[in-house]
Amino acid sequence: MTGIDLTGLEVRPAQVWGGVRLVPLVRAAPVAGLRLHREVYACSGHGVDVGDGTAYTSYIPHGFVADWSGEGAGAESAAYGSRLGGEPRTVPVRGPHHRLAKRQRAKSGRAEPRLRFLPLHLALEGYLALHFGGPSTVWEEWSREAVRQGLSPRAEAAYAGWSVPGLGEALRVFEIHPGQCGLMLYVADALAAAFVVPHPDDYRLLHPTLVEDLYGELVHQYAHYGAPVPEFTARIRDAAGGGRTLADLRAAAVAQERDWAAGHDGLMARDLLETSYAFERVYRMDGFELLRFLPPFRRGGTEQHIGELITDHKGRTAYLKTFRLSENQIRRGHLLQRLADHDWHLGRTAEALGTSYRELVLRIQRAGFGSLLNAHEVARRLRETKEG
Amino acid sequence: MSETVTDLVAAEDVLFFVNAAVTATGQREFRSSAAEQRLSLAFLHEYVRVNYRPLYAACLALDVNDHNAALIVEHLLRTPHEAGAEEGRLIAARLALLPPQRVYRLFRALRAAKVNNRRTRAIVRDWLAARPDLGLDAVKYRAGLKAAARHLHLPLPDDETGDFLFAPRRRARYDHALLDAHRRAHHDQRAVYELPFTVAEGFAARHGVPRGVFLERIAPRMTRLERLRTQRHAGVAADLSTMPLTRLALYVLALPFEERAARRTELTGALRAAAARAAGPYAGTWGRVAAVLDDSYSSSGSGVKRRRPLAVALGCHFLLEALAGSYSAHWTSGGTDPLLVRPHGPTPLGLRVLDALEAPGPAPDRLVIVSDGWDNAPPGLAGEVLRVWRTHLDPERRTAAVHLNPVYDPDGFDVRRLAPSVPTAGVRDAEDLPALVEIAQFAEGRTGLAELRAYLDRRVELFLKEAVR
């Protein structure tokens, strides 16, 4: 599989609030056999005392529990509210969330048909771990640190939903459609995130969590500097569609809705739906698969999303959550991919990219990987190429 | 008299203002904050006062809400030099209708604005003189009365009230029963139950009386609304038979679904009776009526105006049923049981308007839309449907269409409109519907300032006549 398949989900007219456009996705019938719940981590404070008086506190707004037991909202009922841990009194050796996707176990130790995972962490993990091991061939240009420790530190900045201007308000006033199972979120008319769940009840419960999720820096900037977006208001042409009877008028009105759906899929969500992704399976549960995907890191303006999804046995999307990469992040991914393609050989990579050795070194430095290069060796090579 | 552009603009501005003054309460709405509303309203009041002073004052005779009535009075009293002829009487008549706590708040606002002119003093003096029991006011609105008396240097009619407010330790006991009860309530629990509910509440808390015991014993001293507010805790049954329509609708919507279903006959009966009272002589005179009523998620209002838009829609439903000869209702959610409505889902207003127009039988005589003007599935479709229908399908206006909007839009200084061809009026209480439909005719832009002025003069005359009685 190479693309995201949103069969079964219909687009409904967008709702606009300031610079945010929210496009509801509606299922005629919920996906059978899978439910998503929200897990709230109530345990207070995963605080770790660093030793010098400072404490490290991590905050996990919520996790998802995929439940394919077919019992609906059985034992694992969804809950509201989340909290930031209070004062860290104890120092846990290891946090309770030591694996990203973890099978839930009952008290007896028997594995239950439930899987707990943290939203978007699979996707981000996939992106951050991109060639995390560092150079696969030890060329002289790579520093000893690079060879020994790989790309480090792995860090990306993201913004919480509530810090994206206008997003919280837009999600609050959004009117959820009956049967709605998903949402496409546009900021300044750039696709910021897509979110799909298997069942409308799950969506209703998880809708507020969108404001706690993380969004890329691009989304934050667009929301900050973008102007309000226009509403695509309905237009009925007097001459052609208006007609002379109420039935004609109704036909014209319904056509408006169809036009919008077609326009949305073909124009606004095209980059998400038509790009081919590299999928990696994380977990398999009867008939369902939990996958994460990476974009091709193609440069030149197209949107690039990373994300995670659960597909049913036909490859249709039951759960989807995406994260839009910024131009910088795409560039970094692109560079790493190209380097890996050519065994981390700088000369050959430069050739494949159609630039000079000097340019490539500059690009690596600009991407924040400068410390990985052996400065002496690079300087020597540069002198050589200049002489040669 | 020929209409000039200026006149048309003036008529439009004033109607603008009436819509705002009916709907806006300076409180948070579903889509706008309280601060936005106040800013927007302040501008509107100033604009209309400066440009159309007599019309501005005449708005006091209309069904503008109490918040705006108080604002108008404040604005008029602040600028005494431009005062017109009937203003004083209008202000006095309106103050007599306002709830006393609002009037005291207005006096405090006047004090903050340092308004202390002769006319203001006269108006406050007359208002206080007309209060039935100043002792009660001294207990219940103590701070307000004190501030007013002090600011305007008004002598209080009797020494006791004056002492109570300004020198509480001077007297060992009062002859006035309430004042004395207030004095005793500080140390005597029994005296608490002789006080008005709001005052007693504080004393009860101070004496540590359990809430249940307190509510049970204070019940005879409660007003109708206080009883309604606390009935869930107190187990005191509310009297539904005398409640106004919108209040009743709010009450019904606050009940859980099971209770609504269980008390269906009782609640429906009460709503029908309230609607019949509100319809009065107009009952059954409106012919065929089709209504489009908004029960989308946004009709849930805000934390301070909970479910107000939905309650207005529900009230309108029963009122239209009473007014109409034959009636059909179309809720945006597609629901058919008015008693079980809840704010839920999007607003496909365009398709519902079509449903209403297409209903079997002959075309309706009236189409009434009750909605906050946000039409989002797809946006703007209702406006388009109404426009095409008006221009191509019903150019002779066999069906009179009107849009009633319970929500003020601070960005537009007005309530949101659906289409220019359909008149829009702000609505706060469903029972004002017949009067609003009348006013909405002006908003269509086919009648000018002269008619509007005549209409306002008529309303002012009626209003003052009623006030004298």
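Structure data summary
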{"item": "Scan of the stretch B:11-70 for residues that are assigned to a helix (DSSP H, G or I) and polar (S, T, N, Q), ordered by number", "result": "B:ASN19, B:THR23, B:GLN37, B:SER40, B:ASN51, B:ASN68"}
{"item": "Number of the exception - A:ILE176 against (1) touching a Cys at 6+ places or on another chain (Cβ under 8 Å); (2) within 14 Å of chain B (Cβ to nearest Cβ); (3) not acidic (Asp, Glu)", "result": "(1)"}
{"item": "All strands (runs of 3 or more DSSP E) inside the stretch A:1-86 with 2 or more residues being buried (at least 21 other Cβ atoms within 10 Å of the Cβ), more than 14 Å from chain B (Cβ to nearest Cβ) and at pLDDT 75 or above", "result": "A:35-39, A:63-67"}
{"item": "Positions within the stretch B:385-418 being within 14 Å of chain A (Cβ to nearest Cβ), touching a helix residue (DSSP H, G or I) at 6+ places or on another chain (Cβ under 9 Å), in a loop (DSSP other than H, G, I, E, B) and under 25 Å from B:SER300 (Cβ atoms), in sequence order", "result": "B:VAL407, B:ASP411, B:ARG417, B:LEU418"}
{"item": "Residue match in the stretch A:214-225 (condition: among the aromatic types (Phe, Trp, Tyr), in a helix (DSSP H, G or I), without any contact (Cβ under 8 Å) to a residue 40 or more places away in the chain and away from every other protein chain (no Cβ under 14 Å))", "result": "yes"}
{"item": "Test: residue in the stretch A:180-195 that is within 14 Å of chain B (Cβ to nearest Cβ) and either at pLDDT below 90 or under 18 Å from A:HIS264 (Cβ atoms) (or both)", "result": "yes"}
{"item": "Filtered residues of the stretch B:419-446 (kept if out of contact with any strand residue (DSSP E or B) (no Cβ under 8 Å at 6 or more places or on another chain), assigned to a helix (DSSP H, G or I) and under 22 Å from B:ARG308 (Cα atoms))", "result": "B:ALA430, B:GLU431, B:ASP432, B:PRO434, B:ALA435"}
{"item": "Which listed residue, of B:ALA425, B:ALA430, B:ALA363, B:ALA440, is hydrophobic (A, V, I, L, M, F, W, C) and over 25 Å from B:THR25 (Cβ atoms)", "result": "B:ALA363"}
{"item": "Any hit, the stretch A:190-205, residues being of a type in the set (Phe, Trp, Tyr) and part of a helix (DSSP H, G or I)", "result": "yes"}
{"item": "Boolean, A:LYS314 is charged (D, E, K, R) and touching a Phe, Trp or Tyr at 6+ places or on another chain (Cβ under 6 Å)", "result": "no"}
{"item": "Counted residues, the stretch B:132-166 - those being over 22 Å from B:ALA113 (Cβ atoms), assigned to a helix (DSSP H, G or I), over 29 Å from the mean Cα position of the chain (by Cα) and charged (D, E, K, R)", "result": "3"}
{"item": "Subset of the stretch B:308-351 that is hydrophobic (A, V, I, L, M, F, W, C) and farther than 17 Å from B:VAL252 by Cβ - its residue that is farthest from the other protein chains (Cβ to nearest Cβ)", "result": "B:LEU323"}
{"item": "Residue selected from the stretch B:194-249 under the condition of a type in the set (Lys, Arg) and at pLDDT 85 or above, by the criterion farthest from B:ARG272 (Cα to Cα)", "result": "B:ARG206"}
{"item": "Test for B:VAL73: is it out of contact with any Cys (no Cβ under 8 Å at 6 or more places or on another chain), in contact (Cβ under 8 Å) with a residue 24 or more places away in the chain, among the aliphatic types (A, V, I, L, M) and not in a helix (DSSP H, G or I)", "result": "no"}
{"item": "Test: residue in the stretch A:323-345 that is in contact with an Asp or Glu (Cβ under 8 Å, 6 or more places away or on another chain), of a type in the set (A, V, I, L, M, F, W, C) and not assigned by TED's automatic domain parsing to the domain that holds A:ALA190", "result": "no"}
{"item": "Filter result (of a type in the set (Lys, Arg) and in contact (Cβ under 8 Å) with a residue 60 or more places away in the chain) within the stretch B:346-404", "result": "B:ARG352, B:ARG366"}
{"item": "A:SER163 vs. criteria in contact with an Asp or Glu (Cβ under 9 Å, 6 or more places away or on another chain), away from chain B (no Cβ under 13 Å) and either surrounded by 15 or more Cβ atoms within 10 Å (Cβ to Cβ) or not hydrophobic (A, V, I, L, M, F, W, C) (or both)", "result": "no"}
{"item": "Subset of the stretch A:184-205 [buried (at least 23 other Cβ atoms within 10 Å of the Cβ) and of a type in the set (A, V, I, L, M)]", "result": "A:MET184, A:LEU185, A:VAL187, A:ALA192, A:ALA193, A:ALA194, A:VAL196, A:VAL197"}
{"item": "Some residue of the stretch A:331-348 being among the charged types (D, E, K, R), within 30 Å of A:GLU10 (Cα to Cα) and touching a helix residue (DSSP H, G or I) at 6+ places or on another chain (Cβ under 6 Å)", "result": "no"}
{"item": "Answer from B:ALA34, B:ALA24, B:ALA83 - the residue that is surrounded by 15 or more Cβ atoms within 10 Å (Cβ to Cβ) and modelled with pLDDT under 90", "result": "B:ALA83"}
{"item": "Considering residues of the stretch B:352-378 that are crowded, with 22+ Cβ neighbours inside 10 Å and more than 18 Å from B:LEU404 (Cα to Cα) only, the residue farthest from the other protein chains (Cβ to nearest Cβ)", "result": "B:ALA377"}
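To keep it simple, each residue is scored yes or no on (1) away from every other protein chain (no Cβ under 12 Å); (2) surrounded by 13 or more Cβ atoms within 10 Å (Cβ to Cβ); (3) part of a helix (DSSP H, G or I).
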{"residue": "A:PRO230", "(1), (2), (3)": "no, no, no"}
{"residue": "A:ILE236", "(1), (2), (3)": "no, yes, no"}
{"residue": "A:LEU249", "(1), (2), (3)": "no, yes, yes"}
{"residue": "A:VAL254", "(1), (2), (3)": "no, yes, yes"}
{"residue": "A:ARG258", "(1), (2), (3)": "no, no, yes"}
{"residue": "A:ASP265", "(1), (2), (3)": "yes, yes, yes"}
{"residue": "A:LEU272", "(1), (2), (3)": "yes, yes, yes"}
{"residue": "A:VAL282", "(1), (2), (3)": "yes, yes, no"}
{"residue": "A:LEU291", "(1), (2), (3)": "yes, yes, no"}
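The values are calculated or read from the model by the stated rules, or taken from the named source; none is laboratory data. Computed from a prediction, not measured in an experiment: that's the story for all the values here. Here the Cβ is made from the backbone with ideal geometry for all residues, glycine too, and neighbour counts use every protein chain on show.
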